[in-house]
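Down below is the structure, laid out as structure tokens.
Every number here is computed from the coordinates shown, using simple stated rules; none is lab data. Remember, it's a predicted structure, so these values are computed and weren't measured experimentally. Using ideal geometry, Cβ is built from the backbone for each residue, glycine included, and neighbour counts are taken over all protein chains shown.
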Amino acid sequence: MALDPHMLRVLKEAEQMAIAEEVERKGHVMEKSWGYRLDPTRCEVCRRNTAAGWIPLHDPFPSGHQTAPAHDGCRCRTITRIRPGQR
């Protein structure tokens, strides 16, 4: 039984967050950002989440989501990084 594409995206994002949390446990301060393809058809929810810029790893985006995707068909992704200035 195959998973639908949306569920695969949700699982991929959860895996990425788990990796970022592991890096955080090693003493780094992590941030995340809502990434989207340059797509004029992206929705207002994704535009607002992108406009939030870099936020703390455990804060929700303006939509209330912790990670992308925001909806079926969403092509956005969550980008994580070590906060600049951290080693």
Could you work out [θ]222 nm for the chain from helices alone, using -39500 (n - 2.57) per DSSP H run of at least four and dividing by all its residues? Round to the nearest 500 deg cm²/dmol. -11000 deg cm²/dmol
Let's see if you can work this out: charge +1 on each Lys and Arg Cβ, -1 on each Asp and Glu Cβ, no other charges. What is the dipole magnitude of the chain about its Cα centre, in debye to the nearest 20? 320
Out of PRO69, HIS58, GLY85 - ranked by how far each Cα lies towards the positive end of the dipole of the chain, with unit charges on the beta-carbon of charged residues - the top one is GLY85
Computed Kirkwood radius, in angstrom, where 1/r is averaged over Cα pairs of the chain: 13.5
If I model a spin label at THR41 and LEU11 as a point 7 Å from the Cα along the Cα→Cβ vector, what separation in nanometres do I get? 2.6
